[in-house]
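Q: Structure in C-alpha cells, see below.
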Amino acid sequence: MEITGPPGTIRQAKRLRREMSLPEALLWRELRKRPASLKFRRQHPAGPYVLDFYCDAVRLAIEVDGEVHERGNRPALDAVRDAWLAMQSVRTLRIPVREVLSDLDAVIRHIVFTTCGEPPPPPSAVPLPLRGRIEEVAQPWRRR
C-alpha cells in the first residue's frame, strides 16, 4: 500500500525536490543506488507531510534532521508527525545532519541494518579488484 498526500502537499514535495539541502542531496546520491536492493523516493508526500526519503517496500521514512529539529516546538511537532506515520504503519528513522556530513557510509550501513536486520559487509570485505576503484566510484565528479 502506497501512501500519498493532497495536491498542496504534492506541489510542496516537487518544490522540495528542486531545493534539497546538501545533506539530503548527499544521502539521496547514495540511496538512489538502491542499497540492499531497496528503492527509496525523495521528498515523498504522505498525508499532510513530505518525507525526506521513503521506502515503500519496508514502509520506512528517513528524516534528515538539522539543529532546527532540536529547538522550540519542533520536537513536539516531530513527535506528532512520527505518531501519525506510525498509525499508517510507517517507521521513522531520524538521522542528524552532522552524521550524514561526517560519515555517510556509516549512515547507509545503519539504514540497511534498520531495514534488513543485518549489516552489510564492512568496507574491508570489498573484493580486491574493486578496492582500487572505490575512491574513483565515490567521487564521480573528478576527471580521470
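Q: Please give the peptides 103-112, 22-31, 49-58 ranked by average Cβ packing (other Cβ atoms within 10 Å per residue), highest first, as a rough proxy for protection.
A: 49-58, 22-31, 103-112
Q: Calculate the spin-label point distance for Thr92 paired with Ser37, positioning each point 7 Å from the Cα along the beta-carbon direction, and give it in nanometres.
A: In this crude label model, Ser37 to Thr92 measures out at 3.1 nm.
Q: Compute the Cα gyration tensor for the range 43-117, then decide on rounded, prolate or oblate, letting a ≥ b ≥ c be the square roots of its eigenvalues: rounded whenever a/c is under 1.5, prolate when a/b is larger than b/c in the other cases, and oblate in all that remain.
A: Oblate shape, in that a/c is at least 1.5 and b/c is the bigger or equal ratio.
Q: Also, I was wondering about something else. Evaluate the distance, in nm, between pseudo-label points positioned 7 Å from the Cα of Ala79 and of Thr114 along their respective Cα→Cβ axes.
A: A separation of 1.9 nm, rounded to one decimal place.
Q: Please list, in order along the range 83-92, the HN-Hα scalar couplings obtained from phi with the Karplus expression 6.51 cos²θ - 1.76 cosθ + 1.60 (θ = phi - 60°), rounded to whole Hz, x for Gly and Pro.
A: Values per residue, Gly and Pro as x: 5, 4, 5, 4, 5, 8, 6, 10, 7, 10 Hz.
Values in this text are rule-based calculations from the coordinates and carry no lab data. These numbers come from a predicted model, not from an experiment. For neighbour counting, all protein chains shown are included, and Cβ atoms are generated from backbone atoms with ideal geometry for every residue, glycine included.
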